[in-house]
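Comments concern the structure below.
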Amino acid sequence: MLFLKKVPAPYHPLVRTSPTLTLDASLLKPGVRLAVGLSGGADSVALLCALVDRSRELGIVLHAAHLHHGLRGAEADADLEFCRDLAAGFDLPFHKEHVDTAAEARRAPKINEDGAEGSTPSDSIEGTARRLRYRWFYKLISSGKVDAVATAHTLDDQAETVLAKFLRGAWTEGLSGIYPKLEGAEGGLIIRPFLHTTRTEVETFLRARNQPWREDSSNRHLTFTRNRIRHELLPQLATWNPQLRDHLAQMAELARDEEAWWEREVLRVAEEVVLRGRPVRGGGRATTTADGVAIDLARLNAEPVALQRRLLRYAAAQLEAAPDFVATEALRSLAQTGRAGQRLELVRGLRAERTHREIRLTRGPSSTSAGPAHEVEQYECVIPGELDAPAFACRILLEAATAISPVASPEGTSRKAVLRPWKAGDRVRLRYSSGPRKVKEVLERMKVTGADRSQWPVLEVAGRIVWMRGVEVEPDPTLSIRVEAVAAGPGQAE
């Protein structure tokens, strides 16, 4: 996995390359050997042309770089030849690489735009292609042939990214969208000079100079979430507000600046709140890996709620865990109203234990109190009703979403909801997926292992799974489902 540092760019005046195109020249340093990530599409072709026009003025040395993803057969081969010819026409060094995206997608989960694992299976090709592309960019930089790579992300891409992350339930940092520059953990810089340019401006620029480009047929496939947002959702929302794309891009800029401030603030406060290891007799703390990290309850609870959440997620990040909103609220509840001895087990082996003064976080295989034969109980209720499930560290409230209440089966009797661990043969229909998928395969995509895997909760109504932790299930129009986090009791696993 690539570990990336997203860097907010300082404000600099933007420079127009023509009456319709804008380059963020603050990202372009004189003397840099810059490779343009060239797919052959309109955005990357326009970026290459705009940089060629101004390369002497900016003092940059241009290269072109094309990655063949091993998809789309002859169409992709033609893209490669188009890019090679375009680079040759400008007398630029040309770099190419070929990867097998489909094979890689079968071996690994989708990596989202934050660099974090996890998404719906329908996005795996799209996400894997992006991961391979950036891996190759950093490989190209580390080879010493170029100093940086420029990608042609536009204002439209920014708007689509922010909206996609909002729909996935991203935290506020996720609304930062695409950063103007991205630094690799081992060096290397990716820049995005086109983030203030729209796709319409790009195409106008190319037509004015009679410059052709390639159209990727997969960009029209609505099986990809990004394409559904681009071709269906954003145009519909724009009928409510034609400035929506600009507003989403502005939101990303605001979020990036605020995240930069929050990062410094959390680091400052965490020195007093987040502690390594366990206290030992005579003072000091044991700091072995198994001891994890601890959170000082008095200091945590004295902070504003917004900072409490960030401190808890910061502490979990020290163990390479990323709790979602429900898990973070369960930790906050444990900190505020929990009792000494209470434990909470979260996804992917993240475990919390409360003492009188601390919450201790560790990560490893999930524990059970009853040995290998232990099974998590199941919970049942009639709809409308409530499932209080401490074994799963949650409470689920079910109501009728239509005027017909209670929700009734065809026979006229009230339906029953069952919250239970998944079992072999279970299938779930994810939102926007083409059909039902095996729960086993979904858990594999999510990289859920160990006892977490065998005890993963699903909610079944009338033989159909209507909720599953960690994924977005296609909604049942007759039901309203609300899930609340609660702290698990001692020995109870989520």
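Distance between the modelled labels on Glu386 and Arg209, one decimal in nanometres: 6.5 nm (7 Å Cα→Cβ projection).
For Trp261, put the label point 7 Å out on the Cα→Cβ axis and report which residues of the stretch 297-322 keep their amide N under 14 Å from it. Answer for the stretch 297-322: 307. Within the straight-line cut-off of under 13 Å between alpha carbons, the aspartates and glutamates reachable from Lys181 are Asp24, Glu253, sequence neighbours fewer than 8 places apart in one chain being disregarded.
With the simple model of a label 7 Å out from the Cα in the direction of the Cβ, Lys440 to Ala74 spans 4.0 nm. Going 7 Å from the Cα of Arg33 toward and past its Cβ, which residues in the stretch 133-166 have a backbone nitrogen under 14 Å from where you end up? Backbone N within reach: 139-149.
Computed from the C-beta positions of Gln250 and Arg276, the FRET efficiency with R₀ = 45 Å rounds to 0.70. Label positions at Ala424 and Lys139, each projected 7 Å from the Cα along the C-beta direction, are separated by 3.9 nm.
Working from the Cα coordinates of the stretch 258-363, the gyration tensor eigenvalues give, after taking √(5λ), semi-axes of 19, 16, 14 Å in decreasing order. Using the Cβ-Cβ distance between Leu222 and Arg107 with R0 set to 22 Å, the FRET efficiency works out to roughly 0.25. Which chymotrypsin sites (Phe, Trp or Tyr not before Pro) does the stretch 222-263 hold that lie in a coil by DSSP with at most 16 other beta carbons within 10 Å? Answer by residue number: Trp240.
Does the stretch 117-247 classify as rounded, prolate or oblate by the C-alpha gyration tensor (a ≥ b ≥ c root eigenvalues; a/c under 1.5 gives rounded; else a/b over b/c gives prolate, otherwise oblate)? Here the stretch 117-247 falls in the oblate category.
Coordinate-derived values only; no laboratory data. For clarity, every value in this text was computed on a predicted model and none was experimentally measured. Using ideal geometry, Cβ is built from the backbone for each residue, glycine included, and neighbour counts are taken over all protein chains shown.
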